[in-house]
Amino acid sequence: MSALTASHNYFSKLKQTIDQIDTDAVDHCVGVIRKGWEDGRQIITLGNGGSAVTALHFITDWSKMISAHGNKPFRGRSLLDNIGMITAYANDVSYADIFSEQMKHTAEPGDVVVAISGSGNSENIIRAVDCANAIGCETIGLCGFNGGRLRQIAKHVVWANIDDMQISEDIHAIFGHVVMQVLCGGIRQVTPRQKEAA
């Protein structure tokens, strides 16, 4: 398979998946995050592997841009931020509890928890969402494949219905960018360097 064919096939799969996304579900979940922000709640993200990086990316974009362009601070945080905390719970309790144990002393009723899992079956994600639901948080599950358990237990869901981890992760990243642009009022960031070049 040529590189051209490989890239064409990948983008075709991505486009097909985007075309099948339930945009009403996406808009609904954006609204949940918007309400949490407007109510002064924390927006908490978590994930494993590539999804961990996506969870951090969300908080970077949202906290910087929404706080800068909105009418109030965006209280974003990720349960990936403290590697000492993560390894302490992994070592002393279990890896399956690295997020749920943090959730117990981090989340409050009304906070919004955005849990990302391509398979929807990562045990530490499931335990964290169960814990957040019990606390009284609004839980959003971003998943792929058949949605796994996350699709069943999260109160709100964005599901990439495709058996492909990379395409699922692409859809989840796009969701984060939709959130940022909507809550920034459609404002596109222009860097100082771009201003100088204009």
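The values are calculated or read from the model by the stated rules, or taken from the named source; none is laboratory data. All figures in this text were calculated on a predicted structure; none of them were measured in a lab. Virtual Cβ from ideal backbone geometry, glycine too; neighbours counted across all protein chains shown.
If you take the residues of the stretch 55-67 that are surrounded by fewer than 22 Cβ atoms within 10 Å (Cβ to Cβ) and touching a residue at least 24 places away in the same chain (Cβ under 8 Å), which of them is nearest to V178 (Cα to Cα)?
Within the stretch 55-67, the match that is nearest to V178 (Cα to Cα) is D61.
Restricting to the stretch 57-80, name every residue that is modelled with pLDDT of 95 or more, more than 12 Å from C184 (Cβ to Cβ) and in contact with a helix residue (DSSP H, G or I) (Cβ under 8 Å, 6 or more places away or on another chain).
Once the filter is applied, which keeps residues that are modelled with pLDDT of 95 or more, more than 12 Å from C184 (Cβ to Cβ) and in contact with a helix residue (DSSP H, G or I) (Cβ under 8 Å, 6 or more places away or on another chain), the stretch 57-80 yields H57, F58, R75, G76, R77, S78, L79, L80.
Quick one: in the stretch 22-37, which of the residues that are among the charged types (D, E, K, R), out of contact with any Leu (no Cβ under 9 Å at 6 or more places or on another chain) and in a helix (DSSP H, G or I) is surrounded by the fewest Cβ atoms within 10 Å (Cβ to Cβ)? Outline the logic, then answer.
Taking the stretch 22-37 as the starting set, the residues that turn out to be among the charged types (D, E, K, R) are 22, 24, 27, 34-35.
Going one step further and asking which of them are out of contact with any Leu (no Cβ under 9 Å at 6 or more places or on another chain), we end up with 22, 24, 27, 35.
If we keep only those that are in a helix (DSSP H, G or I) as well, we get 24, 27, 35.
Values: D24: 8, D27: 11, K35: 13.
Here the residue is D24.
Search the stretch 75-100 for residues being polar (S, T, N, Q) and surrounded by fewer than 19 Cβ atoms within 10 Å (Cβ to Cβ), and hand back the single one that is farthest from R127 (Cα to Cα).
Checked the stretch 75-100; the qualifying residue farthest from R127 (Cα to Cα) is N82.
Is at least one residue of the stretch 2-21 in a helix (DSSP H, G or I), in contact (Cβ under 8 Å) with a residue 24 or more places away in the chain and over 16 Å from G144 (Cβ atoms)?
So far as the stretch 2-21 goes, no, none of its residues is in a helix (DSSP H, G or I), in contact (Cβ under 8 Å) with a residue 24 or more places away in the chain and over 16 Å from G144 (Cβ atoms).
Going through I66, I44 one at a time, which residue ends up being under 17 Å from the mean Cα position of the chain (by Cα) and part of a helix (DSSP H, G or I)? Reasoning before the result, please.
On the way: I44 fails: part of a helix (DSSP H, G or I).
From the options I66, I44, the qualifying one is I66.
Take T17 and decide whether it is surrounded by fewer than 18 Cβ atoms within 10 Å (Cβ to Cβ), among the β-branched types (V, I, T) and more than 14 Å from the chain's Cα centre (by Cα).
no
Per-residue answers, yes or no, for (1) more than 22 Å from I66 (Cα to Cα); (2) at pLDDT 95 or above; (3) in a helix (DSSP H, G or I); (4) of a type in the set (D, E):
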| residue | (1), (2), (3), (4) |
| --- | --- |
| N146 | yes, yes, no, no |
| V158 | no, yes, no, no |
| Q166 | yes, yes, yes, no |
| E169 | yes, yes, yes, yes |
| V190 | no, no, no, no |
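Under 7 Å between Cβ atoms, at least 6 apart or on separate chains: pull out the pairs that start in the stretch 150-170 with a residue that is within 17 Å of A55 (Cα to Cα) and end on any residue that is modelled with pLDDT of 95 or more and surrounded by fewer than 16 Cβ atoms within 10 Å (Cβ to Cβ).
Final answer for the pair search is H156/H28; V157/A25; V158/A25; I167/K13.
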